[in-house]
1. Could you sort the residues of the stretch A:30-72 by number and keep only those whose accessible area is reduced by 10 Å² or more in the all-protein-chain setting relative to the chain alone, 1.4 Å probe?
2. Tell me, which residues of the stretch A:77-109 get at least 40 Å² less accessible area when the other protein chains come in, versus the chain alone (1.4 Å probe)?
3. May I ask you to rank A:D196, A:D58 by accessible area, largest first, using a 1.4 Å probe over the protein chains only?
4. With r defined as the distance between the Cβ atoms of B:K59 and B:E33 and R0 fixed at 35 Å, what FRET efficiency is calculated, to the nearest 0.05?
5. Helix-only estimate, please: 222 nm mean residue ellipticity of chain A, summing -39500 (n - 2.57) across DSSP H runs of length 4 or more and dividing by its residues, to the nearest 500.
6. Scan the stretch B:115-179 for GluC sites (Glu not before Pro) in coil per DSSP, keeping those whose Cβ has at most 16 other Cβ atoms within 10 Å, and list them by number.
7. With a point put 7 Å past each Cα toward its Cβ, work out how far A:D218 is from B:R136 in nm, to one decimal.
8. Counting heavy atoms of the protein chains only and a 1.4 Å probe, report the per residue accessible area for the protein assembly as shown as a whole number of Å².
Amino acid sequence: MIKLDNVSLVFQGGSVALSNVSTKIKEGEFVYLIGHSGSGKSSLLKLLYKEYVATKGDIDVVGMDVTTLPKWKVPILRRKLGIVTQEPQLLEDRTTFENISFALEVLGYEESEIEQKTSTLIELVELEESMYKFPSQLSGGEQTRACIARALASNPLLLLCDEPTGNLDPTLSTQIVTLLEKINRAGTTIVMATHDSSIVNRRKKRVLQLHQGKLMSDVPQGRYI
Amino acid sequence: MRRNPLLAIATILAVLVSSFLVFTTLSARAIVENNTSRWQNGVHVVIFLDDRVTSTAHKQLQETLESYSEVRMVEYFSKSEAAEEFKELFSGQQELLDEVDFETLPTSLRVNLNNPSDYQLIIERMEGNAAVREIRASGEAIERLLSLTNTLVFSATTFAVLIGFAAFILIINTLRLTAFARRKEIKIMKTIGASSTYIRLPFIFEAVFESLIGTSIAIGLGWSVIQYSKNSVIAQSIFDISISDSYLINLTLFLILSTLLFGFFASFVGIRKVLND
């Protein structure tokens with residue numbers, strides 16, 4: 001599903017975000033990407049959906065060679081992925097339902113399909129009671145769940161989550177991780193960047209640890225050290 | 001447009017002024033070209049003959065003129081023909097016609113040149129000839145008119161280009177502001193996997209729509225001005241405001257097509273930065 005081979009990312013000005021990272025993630029895996037702030041977690045995720053371009057190395061995601069992928073093909077790659085950011089990116093003037101259906105409109109679904117699929121996604125993330133609320137009326141956890149539902153609109157093979165529990169209290173964080181595990185069990189590969197040790201230690205999943213842009217460890221059923 | 005109504009109105013006005021200038025400038029040039037070519041194909045030099053000299057001398061003068069390579073045609077205009085022309089020109093002024101003694105009207109030779117700018121050469125050759133009473137040439141007037149027209153066309157075209165550029169900048173600015181206001185929506189679309197074309201479409205639509213409104217009003221005004229001018233005092237006296245419908249239709253189509261390209265290009269430039277961020 002993901003293959004990184006000697007990947008480095010150096011920003012303009014010489015700041016090194018990632019240095020010679022190599023790893024593989026198989027289909028159906030749930031992987032935690034851990035490390036302190038500035039360790040390169042977000043940069044690594046952004047390389048996977050070509051928000052950033054690697055300075056060196058090869059990246060293969062869902063069977064696409066991201067390194068050589070031309071700009072006009074990036075939307076094709078992103079349609080195979082789901083992306084959830086730390087700050088919930090919801091449109092303030094639209095309800096939860098509209099925010100999710102917006103993704104389906106963009107993806108070109110028929111109007112009849114949009115309503116049905118949006119309802120299914122809302123049910124999956126358990127937001128039935130908040131479907132007609134605007135983002136400002138939602139809790140942090142609900143906003144994150146709405147973003148997850150939107151990210152699932154394209155039936156992605158891979159879900160990339162960049163600290164989705166970063167702004168949430170432990171209870172809400174657990175709810176989000178439980179939801180992600182449910183999605184993972186349905187077959188979607190998940191890579192989740194986090195620095196929440198309690199979640200990582202309890203869930204016993206594969207853990208990739210980054211430190212100052214280098215991959216320090218790769219442990220199946222790992223712990224946050 | 002809903003987000004920046006004032007800027008949208010400014011854009012429409014700039015496009016309107018620019019398109020109107022282009023429309024009227026090109027129409028005016030076509031009208032002037034029609035008139036000058038009519039004049040250029042007509043009589044360039046009129047040589048009034050002295051009645052005291054014999055008709056043989058008049059005949060000789062005509063033959064001399066016809067022998068010049070610069071001359072295309074020489075036409076003899078008798079007293080009676082001059083009288084007919086006078087009556088036709090002043091047909092509405094019976095009092096004047098009653099007062100005129102048509103016998104005093106001179107006979108003349110009307111010279112048509114291959115190149116109207118050679119009129120000075122003919123004047124020089126005819127000056128001092130005993131059979132010649134007076135010489136009048138239209139070449140100088142045509143040259144002056146053409147020079148004035150060219151200056152006006154150049155000035156109007158330069159102004160139209162400058163206004164057009166201002167319209168271009170305004171459209172880009174409007175789109176940038178709109179794109180800035182919608183940056184979150186654009187970012188979400190990019191993350192989901194929307195193509196650049198999909199993201200661009202509403203912006204292209206806005207730019208083309210604003211440009212089309214401005215150009216349509218300008219074309220309407222341009223047609224009205226031409227229709228009004230056709231019935232004006234100038235058209236009924238010295239200037240023939242005649243322009244073919246096919247020319248105007250082609251000009252209209254040209255302006256609409258240019259506007260579509262203009263709007264498309266402006267939108268392309270306007271949101272390039274937002275798409276690349």
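1. A:E51, A:K71
2. A:R78, A:Q89, A:L91, A:F102, A:V106
3. Numbers: A:D196 40, A:D58 90 Å².
Output order, biggest surface exposure first: A:D58, A:D196.
4. 0.40
5. Numbers: 7 runs with 73 residues, N = 225.
Roughly -9500 deg cm²/dmol at 222 nm, from the helical runs in chain A.
6. B:E127
7. 10.1 nm
8. On the way: 26180 Å² over 502 residues.
For the protein assembly as shown, the per-residue accessible area is 52 Å².
The values are calculated or read from the model by the stated rules, or taken from the named source; none is laboratory data. From a predicted model like this one, the values you see are computed outputs, not experimental measurements. Neighbour counts run over all protein chains shown; Cβ positions are idealised from the backbone, glycine included. Heavy atoms of the whole protein, side chains included, go into the accessibility calculation; ligands, DNA and RNA do not. Shrake-Rupley method; radii C 1.70, N 1.55, O 1.52, S 1.80 Å.
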